[in-house]
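Computed from the coordinates by the stated procedures, all read-outs in this text should not be read as laboratory data. Not measured: the values here are computed from a predicted model. All Cβ positions, even for glycine, are placed from backbone atoms using ideal geometry, and neighbour counts span all protein chains on display.
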Amino acid sequence: MIRLRGVTHRYNRRHVILTDVDIEIPTDRRVALMAGPYSGKTTVLQIIARQLTPWRGRIERTGRVSFIGGFHTAFRSTMTARQNFGFAAELYGCNPSQVIGFIAEISGLGDLLDVPFRQLGLQNRISLCYLLTYALDFDTYLFDNIAGPWISEIKDFHKICDELYAQKTASAGSIFATREPRVAVKYCDSALLLRDRKLYYYDDLQEALAIVEEDRLAAESLAANPNPVPDLPDKLRALRD
């Protein structure tokens, strides 16, 4: 279980992401973290991953929770990918040889594992770090928008990541940040909605998607008519007409 206790987070007075949130998120479900664009989904995921400390409140986690899939900026740029990933494997209590062997076999980038990390292209760094996520054993996997990058130098890499995601979440949970209902349906079976600076968990994904659709239609209506004329009493309406 992942628990947020009194969590508030903001960047400034005008940009508040969460306000005094108390919620429990199951770690044995595939949870879609959903909200509109620029609403703070990634920030919430970073707080759950403990890659970001909330302004107030605390996070309680049981089981092993992953870093965000593909997260690549924490590694030492002067060390090789092999050295970085070996250190990560030891940090999470896994066998470095098995982890690196898994990454080398699937990626086919064995030679690139022995060059400084900074010399790898961005696509290769991200792709390898997605494989690192899948090579390690977690109780809950965290992903932001995709389970593997669409653009990669590794052939059919997104398809490979989809297969790895299905394998891993057959016996583990996930939290998958997205604003697309079709993505939520593909990867998840329940939902966590970020609305009005609060988080709401829905065991029924379809119920959550219905609320997402209502919010979308309301936002479109407001954008089309930002200053609606209020209803007038009959006599005033007659004079206006």
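Kindly provide the helix-only [θ] at 222 nm of the chain, computed as the sum of -39,500 (n - 2.57) over DSSP H runs of four or more divided by all residues, to the nearest 500 deg cm²/dmol? Don't skip to the answer; put the middle values down first.
On the way: 8 runs with 91 residues, N = 241.
Roughly -11500 deg cm²/dmol at 222 nm, from the helical runs in the chain.
Report, in cubic angstrom per residue, the convex hull volume of the C-alpha atoms of the chain. Display every interim value, and only then the final one.
Details: hull volume 39.6 nm³, N = 241.
Each residue corresponds to 164 Å³ of Cα convex hull volume.
Take every Cα pair under 8 Å in region 86-163 that's 6+ residues apart, average their separations, divide by the length, and report that relative contact order as a whole percent. Mind dumping the intermediate values first?
Working: 54 pairs, mean separation 21.4, N = 78.
Reported as a whole number, the value is 27 percent.
Within a Cβ distance under 12 Å of Leu113, other residues only, what is the Lys/Arg minus Asp/Glu net charge? Intermediate values should be presented prior to the final figure.
Numbers: positive: Arg82, Arg125; negative: Glu105, Asp111, Asp114.
Spelling it out: positives minus negatives among the neighbours equals -1.
Could you pull out every one of the lysines with an alpha carbon less than 27 Å from that of Lys198, ignoring same-chain neighbours closer than 8 positions?
Lys41, Lys186
Could you tell me which of rounded, prolate or oblate describes region 141-235, using a ≥ b ≥ c as the square roots of the eigenvalues of the alpha-carbon gyration tensor, with rounded for a/c under 1.5 and, failing that, prolate when a/b is larger than b/c and oblate otherwise? Don't skip to the answer; put the middle values down first.
Values: a/c = 3.85, a/b = 2.28, b/c = 1.69.
Taking the square roots of the gyration eigenvalues as a ≥ b ≥ c, region 141-235 is prolate.
Taking other Cβ within 10 Å of each residue's Cβ, how do Phe75, Phe176 sort, fewest first?
Numbers: Phe75 21, Phe176 28.
Ordered from fewest to most neighbouring Cβ atoms within 10 Å, Phe75, Phe176 come out as Phe75, Phe176.
Taking amide H positions as placed in the peptide plane 1.01 Å from N, state which residues far from Ile17 in sequence (5 or more) or on other chains have amide H under 5 Å from it.
For Ile17, the qualifying residues are His9, Arg10, Tyr11.
Tell me, what is the Rg over Rh of region 89-205, with Rh the Kirkwood radius over Cα pairs? Don't jump to the answer; show the numbers that get you there.
Working: Rg = 15.8 Å, Rh = 15.6 Å.
We get a ratio of 1.01 for region 89-205.
How do Lys41, Lys159, Lys198 rank when sorted from fewest to most other Cβ atoms within 10 Å of their own Cβ? If you can, show how the numbers build up before the last one.
Details: Lys41 23, Lys159 10, Lys198 13.
Least to most surrounded, the residues fall as Lys159, Lys198, Lys41.
For a label point 7 angstrom out from the Cα of Asp162 toward its Cβ, which stretches of region 190-223 have the backbone nitrogen within less than 12 Å?
none
Check Arg29: other-chain or 5+ apart residues with amide H under 5 Å from its amide H, H built from backbone geometry?
Close amide H contacts, sequence-distant or interchain: Ser174.
For a quick protection proxy, order the peptides 137-147, 101-111 by their average other-Cβ count within 10 Å, most packed first.
In descending order of packing, they fall as 137-147, 101-111.
Based on other C-beta atoms within 10 Å, arrange His158, His15 from fewest to most.
His15, His158
Select from the chain the helices, each a whole stretch of DSSP H, whose alpha-carbon atoms run 27 Å or more along the helix axis and whose Kyte-Doolittle mean is at least 1.0; answer none if there are none. Spell out each step's value before the answer.
Values: long enough: 205-224 (29 Å, 0.42).
Span-like helices in the chain: none at all.
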